[in-house]
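Trainee: Dropping a structure here in structure tokens format, bear with me for questions.
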Amino acid sequence: MSELSDFNDLARVAGGGAVAATIGAAIATHQAPHGNATARDAEVRQIGENWPDPILPGKVPVPEIPVDVLPTWVKDMAGAVAQSTQTPPALAVMVALSVLATCLHRRFEVAPWGEDDDYTEPLSLWTLTALPSGSRKTAVIGAMAAPLVHWEKLERDRLRPEIARNHAARLVAKKRIEKLTKDAVNAENDQDRERIRKLIEEEESNMPADIRAPRLFTGDVTAERLQALLVEHAERMAVLSDEAGIFLIMAGMYSGGMASLDVFLQGHAGMPMRVDRADRCAHVDRPALTFGLALQPGVLADVASSRRFRDSGLLARFLFAMPDSNVGQRDVRRRWSIPSYVQKEYEARLHGLLDGRQLVASKPRVLGLTEPAREAWLDFADEIEKQQGERGAMESIADWSSKLPGAAARIAALLELAESGPSAESVSLEATEKAVKLCRLLIDHAHAAFGLLGADATDTDATAIVKWAQDGAHLSFSRRQCQKAMEGRFRSVERLEKALERLAQSDVARIDKVPNKGAPPTTMIRMNPKLFVEKG
Amino acid sequence: MTAFYPDDFRKALVLAGLPMLKGELVADGVLHRYQVEGDKSGSKNGWYVLHTDAQPFGAFGSWKTGQSETWSPSSAETMTEAERSAMAARIAAAKLARDAEQAAVHTSARQRAQALWEKAKPADGTHAYLVRKGVPAYGIKLLRQQLVVPLRDVDGTLHSLQFIGADGRKTFLTGGRKRGCYHAIGRPAAALCICEGYATGATIYQATGNATAVAFDAGNLQPVAKALRQKFPRLTLVIAADNDTETPGNPGVTAAHAAARAVGGVLAVPKFGEVAHV
């Protein structure tokens with residue numbers, strides 16, 4: 001850790017947000033209340049009564065994600081788990097989607113333009129739900145993933161004799177090869193050596209391939225081990241975890257920001273991957289990697305504004321849920337248990353989806369979208385596209401939103417397979433509409449996540465203006481005054497205007513044009529007085 | 001008897017970490033400059049004054065490290081009253097000579113700094129050090145592939161330069177004044193941060209928008225903080241420490257804490273523990 005000592009190091013490992021937070025906290029502790037603060041506060045509070053409550057940059061209000069976007073039996077289970085754990089339904093919904101992807105990825109793909117088209121999306125899904133410590137994330141993941149654990153155990157038991165036979169055969173073959181190699185070295189003449197060499201060749205080619213008990217998912221894992229798991233388990237693996245380890249590895253926080261990200265990127269896109277690190281060299285044709293992470297918002301703040309993480313495109317692949325925490329509002333006197341019939345149905349249907357899963361990877365089956373489903377999906381894709389341009393609602397998260405139509409197609413296929421079973425032929429309109437509904441809700445959650453991640457540049461600028469105004473008690477100022485005070489940040493008026501516009505949209509500030517005689521009007525900014533009143 | 005004193009004086013130089021690389025000591029009561037062992041070839045950062053007459057006395061130091069020491073073969077307790085006052089006069093004379101020499105050294109460095117600063121071209125952020133640190137160039141220049149950071153006093157007078165190589169190696173202009181000098185990034189509004197290095201300062205400015213003064217090392221935090229407190233009596237001064245947890249005594253935090261106390265500022269310390277334990 002000796003190389004980590006100053007604020008530059010802090011910015012590199014935890015982002016500029018961590019630097020701003022540390023310095024801001026130091027300043028906050030220093031600013032002792034002034035003698036006339038109460039009188040001033042009262043005055044400001046009075047002015048503030050005409051203003052709505054400000055929504056600070058990055059603190060976007062998010063819609064609830066209801067369980068009814070899921071197919072019947074998954075909806076029942078997610079609803080029961082959310083009720084039993086008194087957690088926001090969004091957490092159970094996101095984990096449920098990742099569990100479905102864990103069962104179905106690599107075996108199926110979706111082709112929005114029809115199964116004969118060459119554009120296909122794999123069914124791997126990356127979900128990330130942010131909830132504070134103590135909000136029962138582990139319990140939700142445990143309940144939703146329990147049938148997977150049970151299935152792994154059943155498979156392990158079923159395959160035990162076969163694995164033992166395979167292990168013994170491989171062990172004998174290896175020992176025999178060792179002995180033959182020694183014999184070949186000590187052979188009296190070339191003829192004998194050649195004969196033994198042929199025996200070794202024969203032995204090696206007859207050695208049975210290694211059989212392992214199948215694993216569906218893992219918890220905290222390193223990038224290297226994940227690569228090996230993909231090789232060992234038929235090119236598919238899922239990470240269902242409430243540990244921050246893997247996310248921090250992706251952010252490069254354990255490797256000076258230089259983590260090997262290929263395994264993640266290729267695992268999401270299903271691109272071929274060469275592996276030379278596991279116990280054997282292998283060529284993984286279509287790796288499938290699913291994430292179902294439930295982390296504390298502080299972890300997102302820790303990797304705040306890590307440009308490298310954002311630039312790698314990994315953040316853009318996650319579907320974020322940032323629900324409001326229930327902590328502090330739970331009824332400790334009430335206990336809802338998950339009905340056993342719901343649990344049993346959920347487990348049976350999940351195991352049904354896993355039926356026919358091969359130990360060896362084969363070509364995935366492609367599901368096309370039905371005609372009406374394709375139209376609904378295209379309408380959604382078009383709607384997203386139009387909001388990604390200059391000054392569009394999704395301009396600042398365009399890297400994320402450009403992947404959203406693809407994610408909608410993936411989710412639609414997962415919902416279809418869950419509802420109709422592995423024999424589904426194509427993705428219906430109903431499943432597509434549910435997927436689109438969910439994706440629309442996720443947009444606000446992504447805005448909130450990227451705001452927290454400090455990755456939205458306009459939010460970061462807007463936050464800096466709020467901070468400057470609060471530190472200097474600037475309730476009202478001209479645009480020029482603001483730009484001059486923060487000229488290091490706002491080299492162009494356009495950038496400042498964007499940030500001010502963002503503040504105006506969220507009731508943090510109001511922008512007025514004050515006319516000047518014979519000169520262009522002055523742009524004046526009035527900050528929401530509620531920002532200048534001490535809470536409590 | 002007189003030959004004994006130069007040998008003793010040499011030992012004192014070695015003990016203070018300022019051994020003479022070569023040459024004879026001249027015991028004429030006048031200030032002489034010399035090359036300290038381990039210093040750059042051709043530099044003359046060491047200085048001494050030596051008397052070896054009836055009342056032997058010496059003073060020595062380094063412009064580079066800022067050390068200033070006195071030497072005498074006998075302790076003040078064994079001296080007579082007359083000897084003590086003669087010694088005090090000599091100490092005062094040596095101090096005057098040192099100050100005069102230091103002023104001359106600083107003036108010369110100031111002129112060289114000005115000439116080099118004018119010769120240097122504005123840096124644009126593509127320098128390997130800036131890229132590695134992930135910070136832009138704020139008011140610094142480029143000269144012979146080295147970044148040049150100016151050291152100015154509170155009046156804006158340029159006193160010296162810091163050079164930063166692509167590999168991060170930092171050197172200062174020989175003989176230049178550092179104490180109380182800093183490099184300012186941004187204009188102060190409500191709070192002003194003071195930190196040790198350029199990359200740290202640029203990071204803080206980038207992340208917080210607060211003006212930042214780069215003091216160049218831990219020892220200079222307090223002089224810079226005091227100078228800035230005098231200039232900006234109403235500002236909140238934030239001393240942004242280097243958290244040298246691996247160095248005994250954590251000199252970064254210790255010096256920053258002392259600086260914050262001296263000027264009624266606040267201390268901000270980067271913490272790394274929480275990052276790894278989430």
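Trainee: Need one number for region B:120-277: average projected area of the convex hull over its C-alpha atoms, nm².
Mentor: Reported value for the Cα convex hull: 9.7 nm².
Trainee: Given the options A:G267, A:T72, A:F477, identify the residue whose Cα lies farthest towards the positive end of the charge dipole of chain A (+1 on Cβ of Lys, Arg; -1 on Cβ of Asp, Glu).
Mentor: The Cα lying farthest towards the positive end belongs to A:F477.
Trainee: Can you give me the Cα centroid spacing of region A:127-172 and region B:112-135 in angstrom?
Mentor: Using only Cα atoms, the two centres lie 56 Å from each other.
Trainee: How well do other chains shield peptide A:468-477, expressed as the mean number of their Cβ atoms within 10 Å of each residue Cβ?
Mentor: The shielding value for this peptide is 2.
Trainee: Sticking with this one: Share of Cα-Cα pairs in chain B beyond 35 Å, in percent?
Mentor: On the way: 11397 of 38503 pairs.
For chain B, the fraction of Cα-Cα distances above 35 Å is 30 percent.
Trainee: Rounded to the nearest 10 degrees, what's the angle between the helix A:223-232 long axis and the longest principal axis of chain A, both from Cα atoms, 0 to 90?
Mentor: Helix A:223-232 sits roughly 40 degrees off the main axis of chain A.
Trainee: Further, regarding this structure: A:S476's amide H: which non-local residues (gap 5+, or another chain) put their own amide H closer than 5 Å, with H modeled 1.01 Å from N in plane and none for Pro or chain starts?
Mentor: Those qualifying (amide H under 5 Å, at least 5 residues apart or on another chain) are A:M527.
Trainee: State, to one decimal in nm, how far the label point of B:T254 lies from the label point of B:K226, with both points 7 Å from Cα in the Cβ direction.
Mentor: 1.9 nm
Trainee: Let me ask something else. Which order do the peptides B:149-160, B:215-226 come out in when sorted by mean C-beta neighbours inside 10 angstrom, highest first? It would help to have the intermediate numbers written out before the result.
Mentor: Working: B:149-160: 17.9, B:215-226: 22.5.
By packing density, highest mean first, the sequence is B:215-226, B:149-160.
Trainee: For a protection proxy built on the mean count of beta-carbon atoms within 10 angstrom, sort A:18-25, A:325-332, A:66-73 highest first, please.
Mentor: Values: A:18-25: 22.0, A:325-332: 11.6, A:66-73: 19.2.
Put in order of decreasing packing, that is A:18-25, A:66-73, A:325-332.
Trainee: What ³J(HN,Hα) values, in whole Hz, does the Karplus curve 6.51 cos²θ - 1.76 cosθ + 1.60 give for region B:205-218 when θ = phi - 60°, with x put for Gly and Pro?
Mentor: Each residue of region B:205-218 in turn: 5, 4, 7, 10, x, 7, 4, 9, 10, 8, 9, 6, 7, 4 Hz.
Trainee: In sequence order, what are the phi-derived ³J(HN,Hα) couplings for region B:251-257 according to the Karplus relation 6.51 cos²θ - 1.76 cosθ + 1.60 with θ = phi - 60°, rounded to whole Hz, with x for glycine and proline?
Mentor: x, x, 6, 4, 5, 5, 5
Trainee: Could you work out the local net charge near B:Q55, counting Lys and Arg as +1, Asp and Glu as -1, over the other residues with Cβ closer than 9 Å to its Cβ?
Mentor: Computed value for this residue: -1.
Trainee: Just add up the charged neighbours of A:P89: K/R +1, D/E -1, any other residue whose Cβ is under 11 Å from the Cβ of A:P89.
Mentor: -1
Trainee: Let me ask another. Please list the equivalent ellipsoid semi-axes of region B:2-110, computed as the square roots of five times the alpha-carbon gyration tensor eigenvalues, in descending order and whole angstrom.
Mentor: On the way: eigenvalues 117, 54, 24 Å².
After scaling each eigenvalue by five and taking roots: 24, 16, 11 Å.
Trainee: On a 0 to 90° scale, report how tilted helix B:4-15 is relative to the longest principal axis of chain B, with both axes built from alpha carbons and the result rounded to the nearest 10.
Mentor: 20 degrees
Trainee: Another question, if that's okay. With θ set to phi - 60°, apply the Karplus curve 6.51 cos²θ - 1.76 cosθ + 1.60 along region A:185-193 and write out the HN-Hα couplings as whole Hz, x wherever there is a Gly or Pro.
Mentor: 5, 8, 4, 6, 9, 5, 5, 4, 4
Trainee: Same structure, new question: Taking amide H atoms as placed 1.01 Å from N in the peptide plane, list the residues 5 or more away in sequence, or in a different chain, whose amide H sits under 5 Å from that of A:A288.
Mentor: For A:A288, the qualifying residues are A:R236, A:M237.
Trainee: How big is region A:415-455 on each of its three principal axes, counting only the C-alpha atoms and giving the largest first in Å?
Mentor: Taking max minus min along each principal axis of the Cα atoms, region A:415-455 gives 44, 16, 12 Å.
Trainee: Tell me which trypsin sites (Lys or Arg not before Pro) from region B:154-214 have a DSSP coil assignment and no more than 10 other beta carbons within 10 Å of their own. Let's see the in-between values first.
Mentor: Details: sites: B:R169, B:K170, B:R177, B:K178, B:R179; in loops: B:R169, B:R177, B:K178, B:R179.
Listed in order of number, the matching sites are B:R169.
Trainee: What does the charge count near A:L293 come to, summing +1 for each Lys or Arg and -1 for each Asp or Glu among other residues with Cβ under 11 Å from its Cβ?
Mentor: Around A:L293, the charge tally is -2.
Trainee: Continuing with this model, one more query. Based on alpha-carbon positions alone, could you give the equivalent ellipsoid semi-axes of the protein assembly as shown from the gyration tensor, as √(5λ), descending, whole Å?
Mentor: Semi-axes from the Cα gyration tensor: 63, 41, 23 Å.
Trainee: With contacts defined as alpha carbon pairs under 8 Å and 6 or more residues apart, what's the relative contact order of region B:2-110 in percent?
Mentor: Once normalised by length, the contact order is 19 percent.
Trainee: Let me ask something else. Residue by residue through B:130-140, how many Cβ atoms from other chains fall within 10 Å of the Cβ on average?
Mentor: Details: counts 0, 0, 2, 4, 8, 2, 1, 0, 1, 1, 0.
Partner Cβ neighbours, averaged per residue: 2.
Trainee: Shielding of B:221-233 by partners, i.e. mean partner chain Cβ atoms within 10 Å per residue?
Mentor: Values: counts 0, 0, 0, 0, 0, 0, 0, 0, 0, 0, 0, 0, 0.
For this peptide, the per-residue mean of nearby foreign Cβ atoms is 0.
Trainee: To test your reading of the geometry: what angle, between 0 and 90 degrees and rounded to tens, separates the Cα axis of helix B:221-231 from the longest principal axis of chain B?
Mentor: 70 degrees
Trainee: If I take the Cα coordinates of region B:52-170 and project them onto the principal axes, what are the three extents in Å, biggest first?
Mentor: 66, 25, 24
Trainee: Here's something else I'd like to know. Go through B:K44/B:K95; A:K403/A:K498; A:K467/B:K64 and tell me which ones have a Cα-Cα distance over 29 Å in this structure. The partial results should precede the final answer.
Mentor: Values: B:K44/B:K95 18 Å; A:K403/A:K498 24 Å; A:K467/B:K64 41 Å.
Among B:K44/B:K95; A:K403/A:K498; A:K467/B:K64, the Cα-Cα distance tops 29 Å for A:K467/B:K64.
Trainee: Among B:S85, B:A115, B:Y34, whose Cα sits farthest toward the positive end of the charge dipole of region B:1-154 (+1 at Cβ of Lys/Arg, -1 at Cβ of Asp/Glu, about the Cα centre)?
Mentor: Result: B:A115, furthest along the dipole toward the positive end.
Trainee: Here's another thing I want to ask about it. Amide H to amide H under 5 Å from A:L240: which residues, 5+ apart in sequence or cross-chain, H placed 1.01 Å off N in plane?
Mentor: A:T218, A:G292
Trainee: Taking every alpha carbon pair in region A:100-141, what does the distance histogram look like in 10 angstrom bins from 0, in percent?
Mentor: Spelled out bin by bin, region A:100-141 gives 24, 33, 23, 15, 5 percent.
Trainee: Ranked from highest to lowest mean number of other Cβ atoms within 10 Å per residue, what is the order of the peptides B:232-240, B:24-32, A:413-421? Walk me through the intermediate numbers first.
Mentor: Working: B:232-240: 19.9, B:24-32: 14.8, A:413-421: 23.3.
Most protected by this proxy first, the peptides run A:413-421, B:232-240, B:24-32.
Taken together, the values in this text are just the output of simple stated rules run on the coordinates, not laboratory data. Every value quoted in this text rests on a predicted model; they were computed, and no experiment measured them. Here the Cβ is made from the backbone with ideal geometry for all residues, glycine too, and neighbour counts use every protein chain on show.
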